[in-house]
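Every read-out reported here was derived from the displayed coordinates using simple, explicitly stated rules and does not represent laboratory data. This one's a predicted model, so the numbers in the text were calculated from it and none came from an experiment. Don't worry about glycine lacking a Cβ; one is built from the backbone with ideal geometry, like all the others, and counts go over all protein chains shown.
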Amino acid sequence: MPADFRLLAGEQIARLEAYKPGKPIEELKREYSLKRVIKLASNENPYGTSPKAAEAIISNLPELSRYPLGDAYNLRMALSEKIGVSPANLLFGAGSNEIIELLLRTFTHGEDNILFPAPTFSVYAIIAQAMGAASAAVDTAPAFEFDTDALLKSVTPKTRILFLASPNNPPGTYMRERELRRLIAELPENVILAVDAAYAEFADAADYPDINHWHREYPNIVVLKTFSKAYGLAGLRIGYAIGDEVCIDMMNKVRQPFNTGSLSQCAACAALSDTEFLNKVISANLKNKHLLYKEFEKLGLSYIPSQANFILVRVGDGERVFLELLKKGVIVRYMGTSLKEYIRISIGTEEECEILLSSLKEVL
Ligand SMILES: Cc1ncc(COP(=O)(O)O)c(C=O)c1O
């Protein structure tokens with residue numbers, strides 16, 4: 001008799017729905033025999049990777065037979081210098097996804113659970129469920145704005161981590177500085193506020209706070225950042241946490257010894273130094289965001305103003321529009337039944353935006 005792996009995994013894992021990534025370009029080309037496909041589904045960087053990062057990868061190839069630096073020493077020092085945070089306040093992971101997992105593995109035990117506004121990045125709930133931690137969601141409907149009072153009211157003695165993506169994914173909304181200060185000040189001190197700032201570089205609102213140093217004032221805040229988005233290194237899987245030294249030390253004990261690869265570390269280091277590339281990406285994103293807003297308005301489509309590199313657009317039947325766009329070689333993201341009237345569109349290059357808009361006009 002073969003083993004019953006569902007039973008062995010346990011009910012919470014057997015019932016888990018695996019994360020569904022955006023459809024890969026090659027897959028769509030094969031399915032519909034398409035020559036040109038554009039992917040605006042995973043909030044990736046449409047401008048590629050910093051040339052300095054690419055050079056650093058090539059010059060580090062001879063070191064590939066060696067294990068990477070477990071503590072990411074060079075990257076740690078470079079980032080510490082760049083953002084003015086002590087090296088002991090930094091922890092690196094295979095994408096910020098690994099940091100999310102490390103937070104949960106390190107700080108939730110037994111009956112502990114987590115809290116987040118909804119809708120949000122699905123990985124918090126997936127990892128929590130895999131680890132047997134319950135999740136509580138606080139609705140942000142109808143405008144997708146965070147409700148600080150509702151979040152605070154939902155904290156129970158079992159709440160260990162509050163995940164707050166700001167800018168949030170999928171709506172692109174953010175928590176204003178005053179509200180964020182109030183939230184962290186009023187949270188019980190044994191609740192960790194994990195602010196997932198994966199898209200922070202794109203935020204242009206004057207009251208979007210720079211929270212890189214907030215752990216000095218509020219030790220229970222942990223900031224999650226990534227090189228996957230504005231820095232264009234999604235394929236290398238590298239992200240980091242900024243937090244209180246002891247908090248970082250606890251997670252450091254739990255992480256695997258060589259959790260980030262040597263090419264990822266050296267590419268991230270080089271990308272940090274390439275401010276020209278970063279600034280180009282950020283300003284092009286902003287310009288194309290406004291171009292899309294204007295065109296959506298002309299089409300009579302409502303959208304959620306975004307602080308990130310994607311826009312949540314209300315198109316009526318989201319699934320139909322998503323499927324019709326696929327046939328035209330445009331991959332966007334259908335957000336599932338809870339957001340069935342919407343699609344999420346990553347902001348591409350100007351050319352990609354034009355292709356998207358002309359396809360969208362035909363489909364609508
Ligand atoms: C809010 C948010 N956090 C984290 C991530 C994960 O990014 P990484 O590539 O750093 O694991 C994503 C990816 O889309 C995201 O949307």
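By the Kirkwood approach, averaging reciprocal distances over each pair of separate Cα atoms, the stretch 245-293 gets a hydrodynamic radius of 13.9 Å. When you count the other C-beta atoms within 10 angstrom of each residue and take the mean per peptide, 9-20, 139-150, 303-314 line up highest first as 303-314, 139-150, 9-20.
With bins 10 Å wide beginning at 0, the percent of Cα pairs of the chain falling in each bin runs 5, 23, 32, 27, 12, 1, 0. Would you mind pulling out the separation of the Cα centroids of the stretch 285-355 and the stretch 123-176, in Å? Rounded to whole Å, the Cα centres lie 24 Å apart.
Built from the Cα atoms of the stretch 108-154, the convex hull projects on average onto 3.3 nm², one quarter of its surface area.
Please express the shape of the stretch 46-86 as an equivalent ellipsoid: the semi-axes are the square roots of 5 times the eigenvalues of the C-alpha gyration tensor, given largest first in whole angstrom. Present the calculation step by step, with values, prior to reporting the outcome.
Values: eigenvalues 86, 67, 11 Å².
Three semi-axes, in Å: 21, 18, 7.
Take peptides 37-48, 177-188, 104-115 and line them up by average Cβ neighbours within 10 Å, highest first, as a rough protection proxy. Mind showing how you got there, number by number?
Details: 37-48: 20.5, 177-188: 16.2, 104-115: 18.2.
Going from most to least packed, we get 37-48, 104-115, 177-188.
The calculated FRET efficiency for Arg105 paired with Arg66, based on their beta-carbon distance and R0 = 22 Å, is about 0.20.
Comparing Thr49, Thr275, Thr120 in a Gaussian network model of the chain where C-alpha atoms under 10 Å apart are linked, the largest mean-square fluctuation is found at Thr275. Using the Cα coordinates of the stretch 100-259, the gyration tensor eigenvalues translate into equivalent-ellipsoid semi-axes of 21, 20, 16 Å, sorted from longest to shortest. Considering only alpha-carbon pairs that sit under 8 angstrom and 6 or more positions apart, the relative contact order computed for the chain is 24 percent. When DSSP beta bridges are restricted to pairs lying wholly in the chain, around 50% turn out antiparallel. The magnitude of the dipole of the chain, with charges of +1 and -1 set on the Cβ of Lys/Arg and Asp/Glu and taken from the Cα centre, is near 740 debye.
Modelled this way, with points 7 Å down the Cα-to-C-beta line, the labels at Glu245 and Glu350 are 5.0 nm from one another. Under 27 Å of direct C-alpha separation, and excluding same-chain neighbours fewer than eight residues apart, Lys327 reaches these lysines: Lys20, Lys23, Lys29, Lys35, Lys39, Lys229, Lys289, Lys294, Lys298, Lys340, Lys361.
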